[in-house]
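Undergrad: Supplied in structure tokens, the structure appears directly below.
The values are calculated or read from the model by the stated rules, or taken from the named source; none is laboratory data. Treat the numbers as computed from the prediction; the structure is a model and nothing was measured. All Cβ positions, glycine included, derive from the backbone under ideal geometry; neighbour counts span all protein chains shown.
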Amino acid sequence: MTGAVIDEAAVAGRRAEDDTAETRLTIGATQGCERLEQRVTRYATGRSRSRAAGDREHVLFVVSGAGRLDLDGHAHALAANTGVYVAPGERYEVDNDGPEELVVVEVTVPGPADPGPAPGRQVTVRLDDQPVHWAGERQFRLLVDTPVGCRGATQFVGEIPTGHAPPHSHSYDEVVYVIAGEGAVHMADIEEPIGPGSCVYLPPQLLHCLENTGEATLRVLGVIQPAGDPGSKAAVSGR
């Protein structure tokens, strides 16, 4: 199975009438990703229409802007570098006080067979409050994960220094959104440039690596399914 690299700006946005949200479906079944869907939503000033989680878990990350998420009548502050968990069956609206857009990356995964609330439920998680984990010279922090009630996925933000790791694979599905920096993704003898707004799908067992080709840190948002350790590898090339 091959992966995919999509430029968010190349995907047509959709906005419903009387809604503040313009949404782009960047990764899904069209790219061969059957269980995860990644969307980038830009909220204009004002209050969005109500959005239903349905039977899927929704894992959100605020890229930029500030506002509030109203989840079943309870308000939760939104700011850059905040992870958000919306459980199956819940509804939410987003308030953006402006004047800047509120940019959110949302990944959905199938909900659990038992839709009841999980222990330790949290709605929002601040990146700055999370401990740093290391995988070689790269570091990552977990946001939405099983300890906050999400059963089917793990959300993290990774930081990649200049250079690249050996090609490797994972046992999980992974979708990536580039927050900042410049680089390239290597997979299946293909090299694609990536930068802010790049969206990447990495299926299980695909040999790949992300390379930082610039001087600044390459910051990426990742979501893996099923939930687990983003630093685990199924195989490393040459070993």
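Undergrad: Could you tell me how many of the residues in region 38-59 are under 22 Å from Y172 (Cβ atoms), crowded, with 19+ Cβ neighbours inside 10 Å and not β-branched (V, I, T)?
TA: 5
Undergrad: Another question, if that's okay. Assigned by TED's automatic domain parsing to the domain that holds I194, free of Cβ contacts under 8 Å to residues at least 12 places away in the same chain and of a type in the set (V, I, T) - does that describe any residue in region 114-135?
TA: Yes; the residues of region 114-135 include at least one that is assigned by TED's automatic domain parsing to the domain that holds I194, free of Cβ contacts under 8 Å to residues at least 12 places away in the same chain and of a type in the set (V, I, T).
Undergrad: Does R68 meet the test of being over 25 Å from R126 (Cβ atoms) and among the charged types (D, E, K, R)?
TA: Values: over 25 Å from R126 (Cβ atoms): no; among the charged types (D, E, K, R): yes.
Judged against the criteria, R68 is not a match.
Undergrad: Moving on to the next point. Which of the residues spanning region 106-139 are crowded, with 18+ Cβ neighbours inside 10 Å and within 24 Å of P88 (Cβ to Cβ)?
TA: If the condition is that a residue be crowded, with 18+ Cβ neighbours inside 10 Å and within 24 Å of P88 (Cβ to Cβ), then E106, V107, T108, V109, G111, V123, T124, V125 are the ones that fit.
Undergrad: In region 188-239, which residues are among the polar types (S, T, N, Q) and over 19 Å from D173 (Cα atoms)? Give the steps one after another, and end with the answer.
TA: The first filter runs over region 188-239 and keeps only residues among the polar types (S, T, N, Q), leaving 198, 205, 212-213, 217, 225, 232, 237.
Residues satisfying the conditions are N212, T213, T217.
Undergrad: Looking at region 145-180, which of the residues that are among the β-branched types (V, I, T) and assigned to a strand (DSSP E or B) is surrounded by the most Cβ atoms within 10 Å (Cβ to Cβ)? Steps first, please.
TA: Quick first cut of region 145-180, residues among the β-branched types (V, I, T) only: 146, 148, 154, 157, 160, 162, 175-176, 178-179.
Now narrow it down to the ones that are assigned to a strand (DSSP E or B): 154, 157, 160, 175-176, 178-179.
Working: T154: 22, V157: 21, I160: 21, V175: 28, V176: 24, V178: 23, I179: 22.
Per the criteria, the residue is V175.
Undergrad: Still on this structure, please answer the following. Given (1) of a type outside the set (A, V, I, L, M); (2) in contact with a Leu (Cβ under 8 Å, 6 or more places away or on another chain); (3) on the phi > 0 side of the Ramachandran plot, where does G197 come up short, assuming only one miss?
TA: The number of the failed condition is (2).
Undergrad: Scanning region 37-53 for residues that are among the β-branched types (V, I, T) and out of contact with any helix residue (DSSP H, G or I) (no Cβ under 7 Å at 6 or more places or on another chain), which turns out farthest from L202 (Cα to Cα)? If you could, list the steps in order and put the result at the bottom.
TA: Taking region 37-53 as the starting set, the residues that turn out to be among the β-branched types (V, I, T) are 40-41, 45.
Now restrict to residues that are out of contact with any helix residue (DSSP H, G or I) (no Cβ under 7 Å at 6 or more places or on another chain): 41, 45.
Working: T41: 21, T45: 34 Å.
So the residue we want is T45.
Undergrad: Follow-up. Among all residue pairs at least 6 apart or on different chains, which show Cβ distances below 7 Å where the first residue, located in region 207-219, is assigned to a loop (DSSP other than H, G, I, E, B) and the second is small (G, A, S)?
TA: Listed pairs, sorted by first residue: L207/S169; L207/S237; T213/G183; T213/A184; G214/G181; G214/G183; A216/G181; T217/G181.
Undergrad: Something else now. Pull up region 198-207, narrow it to residues that are surrounded by fewer than 20 Cβ atoms within 10 Å (Cβ to Cβ) and not hydrophobic (A, V, I, L, M, F, W, C), then point me to the one that is nearest to F61 (Cα to Cα).
TA: Just the residues of region 198-207 that are surrounded by fewer than 20 Cβ atoms within 10 Å (Cβ to Cβ), to begin with: 204-207.
Of the ones still in play, those that are also not hydrophobic (A, V, I, L, M, F, W, C) are 204-205.
On the way: P204: 23, Q205: 26 Å.
Among them, the one singled out is P204.
Undergrad: Additional query: Considering only residues that are touching a helix residue (DSSP H, G or I) at 6+ places or on another chain (Cβ under 8 Å) and of a type in the set (A, V, I, L, M, F, W, C), which ones fall in region 171-212?
TA: C199
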